[in-house]
1. Counting residues that are among the polar types (S, T, N, Q) and under 21 Å from PHE154 (Cβ atoms), which helices (runs of 4 or more DSSP H) fully inside the stretch 1-115 reach at least 3?
2. Between a residue in the stretch 343-360 that is part of a loop (DSSP other than H, G, I, E, B) and any residue that is surrounded by fewer than 18 Cβ atoms within 10 Å (Cβ to Cβ), which pairs come within a Cβ distance under 6 Å, given they are 6 or more apart or on different chains?
3. Which one of VAL375, VAL326, VAL365 is touching an Asp or Glu at 6+ places or on another chain (Cβ under 9 Å) and either crowded, with 23+ Cβ neighbours inside 10 Å or touching a residue at least 60 places away in the same chain (Cβ under 8 Å) (or both)?
4. Out of all the residues in the stretch 3-19, which are out of contact with any Lys or Arg (no Cβ under 8 Å at 6 or more places or on another chain) and surrounded by 20 or more Cβ atoms within 10 Å (Cβ to Cβ)?
5. Could you say which residue among LEU28, LEU96, LEU79 is touching a Pro at 6+ places or on another chain (Cβ under 8 Å) and either in contact (Cβ under 8 Å) with a residue 40 or more places away in the chain or of a type in the set (D, E, K, R) (or both)?
6. Are any of the residues in the stretch 155-169 assigned by TED's automatic domain parsing to the domain that holds SER22 and under 14 Å from LEU256 (Cβ atoms)?
7. Based on this model, can you work out whether THR415 counts as of a type outside the set (Lys, Arg), assigned to a strand (DSSP E or B) and either buried (at least 21 other Cβ atoms within 10 Å of the Cβ) or modelled with pLDDT of 95 or more (or both)?
8. If we keep just the residues of the stretch 495-550 that are of a type in the set (D, E, K, R) and not in a helix (DSSP H, G or I), which is nearest to LEU383 (Cα to Cα)?
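The values are calculated or read from the model by the stated rules, or taken from the named source; none is laboratory data. Predicted, not measured: the structure shown is a model, and the values here were computed from it. Cβ placement follows ideal geometry from the backbone for every residue including glycine, while neighbour counts extend to all protein chains displayed.
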Amino acid sequence: MAKYIFVCGGVISGVGKGITTSSIALLLQSSGYRVSAIKIDPYINVDAGTIRPTEHGEVFVTDDGMETDQDIGNYERFLNHDILGMNYMTTGSVYLTVIQRERNLEYNGTTVEVVPHIPHEIIRRIEYVAHATRSDFVLIEIGGTVGEYQNLIFLEAARMMRMRSPQDVLFVLVSYLPVPPKIGEMKTKPTQLAARMLNEAGIQANIIVCRSDHPIDIARKEKISLFCNIGTSQVISAPDVDSIYEVPLNFADEHLTESLLAQASLPVRTPDMLTWHTLVETIRGVTKPVRIAIVGKYFQTGDYVLSDSYISVIEAIKHASWKNGVKSEITWLNAEEYEQDPSILANLDAYDGVIVPGGFGRRGVEGKIFAVQYVREHKIPYLGLCYGLQMAVIEFARNVCGMSDAHTTEVNAATPDPVIDTMAEQVANIKEKRLGGSMRLGAYPCTLTPDTISARAYGTESISERHRHRYEVNNAYRDRLANGGLVFAGLNHERDLVEIIELPVLDQPSGHPFFVATQFHPELKSRPLAPHPLFIAFIQAAIAKREKSA
C-alpha cells in the first residue's frame, strides 16, 4: 500500500516546492523506499508545450514524449531515474479526460459534475502512478499557492484521499518567512495565514517547510508550532543555499525523513546520504573557473533574467563542470543584440565555450547565426542544442558551402536552399494547425559514426536521446554539406535523419577544437551523479581553451 505526500506552497510563487519535493523524494529513496513523484499544474493548458518559456520556464520532455513542467526534470536529477508522462497532469488534461469519457457514455448516464468526478479522475491518475511504478511513496507537488482558486480542485482530491485513508496521506506546506529590511525580524504571520488557508480546504499540514534568507530560530519554530497546530519537530528550517543540491542535506539535518516516517506509521530509518555528501563537497570545493556563454532569446522578462527558461542546460553545464573539477560561470547573451550590432561579436572571445540552445521562430535567428560563424572561425568550443544544430547547418551552408541564401523553412518558406526543412509528417500538422503535442517528441535511437568526437565522448555506438522539434536537416543537401567538411556524427537509421553534426578536429582541414551540435536535447538526461558525456567533453574543450589562453 503506497503512502502519498502532497506538497503545497504558501505566501509566494517560486518558493521552492519542486526542490522540496525532489529533496524529500531523494531522502526517502536513500532510506530504502521505492519513490516516484508527480507534478500537478493548475492551468487549462493540456501540457506545458504550448506555453512560452519566459512565462512558465523550460518545457521538459520525458522519454515517452510528454511535454511537462521543469519540475519533472528536477525529480529526475535528484532521483537519478526516468520519470514518465503519467507523472504529470494539468487542469486541462484532467478535464479533457473527463469530458471525453462523458462523450463516450462511460459514466452510464450519471450527471457529470466538477465534484466528485474531477477529483476522482485526479485520484485515479495518482493511484495509477503508484501501481505502475510499484512505489512505496508517491510525492505529489501541487502547483500554485494555497488560497488560489486554480488549485482548489486538486486540494479537494487530496482531502478526499486523506479522508478515505488517513494513515496513508501526508501534507507538506512550503511557506515563506520574510525578513523586512526596515524591521529586521523574521515574520511568521504569512505562514500562519497560509496554514489557515490550507485548513479551510479541510487539510492540516503534517510538515511546514520554512523558506527564508536565513535559518529559522527556535522562537519562530515555537510560534509556528503553536499557531499552525503542529509539533516543533515538524517545523523545518530551509534557508537559502548556494546550490540546490545542498537542500536534501539540510533536510536530513532537520530530521525531516524521520518525522515523515513516524507520521506514516513506518519504521524510522536514517537515509544513507554518503554519495550526496560527496557531491556537495565537490560542488563546494571547486574554485577554478570556466566561462560559458549561452546565446539565446528566452531569458529576458521585463527587467529580469529568467534562467528557468534553460534550467536543464544550466544544470547540465554545472554537472559536467563539477565532474571536470571546475566551477562554471554562465553568462546570458541576447542573440537579438548581435543582429543589431554584429561588431560586438568580439565579446565572445572572452568565453571558454559557447552554447546555442533550443528555440523556435524567427526572432534572434540571424544573431544566433552570426554567433555560430564567429565561434567557428575563431575556434571557440561550441555546443549546439536542437535549434543550435539548425543554426550551425545554416551558417555552414552559407559561409562554407556558398549557399548565401540558405535558411530554414520555419523562418523563410521561400528560401532557395532549405537546408533545414519541415519533417515529412509535420507538414499536415502545421497546415491543419494540429500543433499541441504533435512535434517529434521523446526518446529516439541514434547510431554514432566511429572516430568522431561524439562517439569518443559516449564510448558506445548506439544511444537514445530526447527530442522536441518539427524541422530537420534536409537530406537533399547532405552531400554538399559533407563535401564542404561537415561531419554527420550521429544518424537515426530508421528514418535516415541527421542527429549530430561536427567539424573535424584541429589536425584536419577546416578543423576545430570542439564544434558539436545535436538535433536532440542532451541536457534533459544530465544528472548531478551522471553528467551527460557531450557536456563533459564540451567543458573539457573549454578548459583546454582557457589553459591555452592563460
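1. Values: elements: 17-30, 53-56, 71-79, 91-103.
So the answer is 17-30, 91-103.
2. As it stands, the answer is TYR351/ARG291; ASP352/ARG291, since those pairs meet every condition given.
3. Result of the check over VAL375, VAL326, VAL365: VAL365.
4. Across the stretch 3-19, the qualifying residues are LYS3, TYR4, ILE5, PHE6, GLY10, VAL11, LYS17, ILE19.
5. Of the residues listed, the single one that is touching a Pro at 6+ places or on another chain (Cβ under 8 Å) and either in contact (Cβ under 8 Å) with a residue 40 or more places away in the chain or of a type in the set (D, E, K, R) (or both) is LEU28.
6. No: zero hits.
7. Numbers: of a type outside the set (Lys, Arg): yes; assigned to a strand (DSSP E or B): no; either buried (at least 21 other Cβ atoms within 10 Å of the Cβ) or modelled with pLDDT of 95 or more (or both): yes.
Here the answer is no, as THR415 does not meet what is asked.
8. Within the stretch 495-550, the match that is nearest to LEU383 (Cα to Cα) is GLU502.
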